[in-house]
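Structure, as structure tokens:
We did not get these values from a lab; they are worked out from the coordinates using the rules stated. Just so we're clear, the structure is a prediction, and the values are computed from it rather than from any experiment. Here the Cβ positions follow ideal geometry from the backbone for every residue, glycine too, while neighbour counts run over all protein chains shown.
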Amino acid sequence: MIRASIDIGSNSVLLLAAEMDEAGTKIVSEVLNLSYITSLGKDLDKNKEFHPDSMKATYEALLDYKNQLLKIKINPQAVIVTATEAARVARNSPEFFLKIKNELGFEIQIISSEAEAFYTARGVASGHNDVSTVVIMDIGGASTELIKVELRPFKIIDSISLPVGAVRANDWIQGNIFDQKMEEIFSHNLNFYKTKSLLCVAGGMTSMAAMYLGLKEFSAEKIEGLTISFNSFKLFSLDLQKTNKENLLLLFPFLGKRVEVIAAAAKVAILFSEKLNIEEIKISSRGLRYGTLLAGEIDEKFTSR
């Protein structure tokens with residue numbers, strides 16, 4: 001049995017299709033694992049709407065995914081499709097998603113921040129067996145989730161969603177309001193999430209892990225479970241922020257459009273890591289799309305509208 005999920009985030013649109021076991025509770029093998037950078041969260045705070053260019057890129061990504069899925073005999077209506085922070089904020093998300101449903105067949109569910117934390121943690125838990133309780137940091141395009149979770153048996157202890165991500169942070173840097181905005185973010189009490197070891201997911205952190213290893217091509221297998229001391233990561237990310245985009249693309253061609261926001265993601269990651277007093281970063285290539293695929297459906301209590 002092949003099942004598929006799509007995660008429409010504030011920076012990327014991700015597709016996962018996998019062969020499941022007979023019970024439908026475990027991934028046997030991945031059939032498709034694809035990504036597009038579409039920047040749906042661009043200028044979100046200023047306009048409160050999806051940017052036309054971002055909608056065009058997202059539509060084209062989903063059209064490609066539809067064609068890829070049809071080749072493996074999966075109907076778009078059968079795919080679990082979620083949208084997160086940018087869709088929760090954008091006034092034009094219902095209209096845009098209705099167009100996608102009518103023309104491409106994907107029914108998109110805008111999920112709450114609690115759902116984002118739950119299914120992200122479930123996805124991460126499916127790939128980790130070594131510890132019982134972890135703190136997960138998911139830096140997306142427009143929000144960052146901190147999730148404290150018991151992995152065995154799986155249980156969310158607590159989570160918080162904060163309105164900063166790589167795309168938002170990049171907009172703030174360009175608008176010279178980054179420091180002010182981060183002061184507002186850190187007015188929240190995050191002491192409950194302090195930890196020596198921070199488990200990091202999502203495209204910004206996984207890309208930086210691949211860069212840290214000096215990879216020319218992204219490899220989920222090579223970065224999965226990678227552990228980096230915070231001091232090493234900080235030195236690396238500070239160098240990253242000083243390197244211009246052209247050189248970054250020469251060194252790490254896999255970045256593609258993500259090069260526009262990778263320095264902002266690094267800056268956010270350092271600040272959160274310092275706030276949480278961490279000593280090491282661990283990388284997971286699994287996240288929201290894995291969690292929703294394993295669940296097989298979205299619990300109705302988690303849909304925001």
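Before anything else, pin down the relative contact order of the chain: Cα pairs under 8 Å, at least 6 apart, normalised by residue count, whole percent. Write out the running numbers ahead of the final one.
On the way: 594 pairs, mean separation 64.7, N = 305.
Computed value for the chain: 21 percent relative contact order.
If the stretch 105-227 were replaced by its equivalent ellipsoid, with semi-axes equal to the square roots of 5 times the Cα gyration tensor eigenvalues, what would those be, largest first, whole Å? Kindly include the intermediate steps, with their values, before the conclusion.
Values: eigenvalues 107, 80, 55 Å².
Rounded to whole Å, the semi-axes are 23, 20, 17.
For the chain, the normalised intensity computed at q = 0.08, 0.14, 0.16 Å⁻¹ comes to -0.31, -1.05, -1.42 (log10 of I(q)/I(0), Debye sum over alpha carbons, equal scatterers, no solvent).
SER232 to ALA78: extension gain in nm, 0.36 nm per residue of separation minus the Cα-Cα distance? Mind showing how you got there, number by number?
On the way: separation 154, 0.36 × 154 = 55.44 nm, distance 4.36 nm.
Using 0.36 nm per residue and subtracting the Cα-Cα distance, I get 51.1 nm.
When the pairs LYS66/LYS245; LYS194/LYS222; LYS66/LYS101 are compared against a 21 Å limit on Cα-Cα distance, LYS66/LYS245; LYS194/LYS222 fall above it. Entry note, the chain: the mean residue ellipticity at 222 nm calculated from DSSP H runs of n ≥ 4, each adding -39500 (n - 2.57), is -12000 deg cm²/dmol after division by the residues and rounding to the nearest 500.
Sparse packing (at most 10 other Cβ atoms within 10 Å of the Cβ) combined with a DSSP loop state is found for none of the trypsin sites (Lys or Arg not before Pro) in the stretch 238-267.
So how much slack lies between ASP179 and LYS71, counting 0.36 nm per residue of separation and subtracting their Cα-Cα distance, in nm? Kindly include the intermediate steps, with their values, before the conclusion.
Numbers: separation 108, 0.36 × 108 = 38.88 nm, distance 4.75 nm.
Net length gain for the segment: 34.1 nm.
Mind checking the full-extension length gain between PHE254 and SER187? Use 0.36 nm per residue of separation minus the Cα-Cα distance, one decimal, nm. Write down the numbers at each step before the final one.
Numbers: separation 67, 0.36 × 67 = 24.12 nm, distance 3.56 nm.
The span from PHE254 to SER187 would gain 20.6 nm if fully extended.
Name the residue, out of PHE230, PHE50, PHE186, whose mean-square fluctuation peaks in a Gaussian network model built on the chain with Cα pairs under 10 Å. Of the options given, PHE186 has the highest mean-square fluctuation. 3J(HN,Hα) couplings calculated from phi for the stretch 21-32 with the Karplus curve 6.51 cos²θ - 1.76 cosθ + 1.60 (θ = phi - 60°) are, in sequence order, 6, 4, 7, x, 10, 9, 7, 8, 7, 8, 9, 9 Hz; Gly and Pro show x. Placing +1 on the Cβ of every Lys and Arg and -1 on the Cβ of every Asp and Glu, with nothing else charged, gives the stretch 2-112 a dipole about its Cα centre of roughly 200 debye.
Evaluated at q = 0.10, 0.19, 0.20, 0.24 Å⁻¹, the base-10 log of the normalised Debye intensity for the stretch 2-112, with identical point scatterers placed on the Cα atoms, takes the values -0.28, -0.92, -1.00, -1.34.
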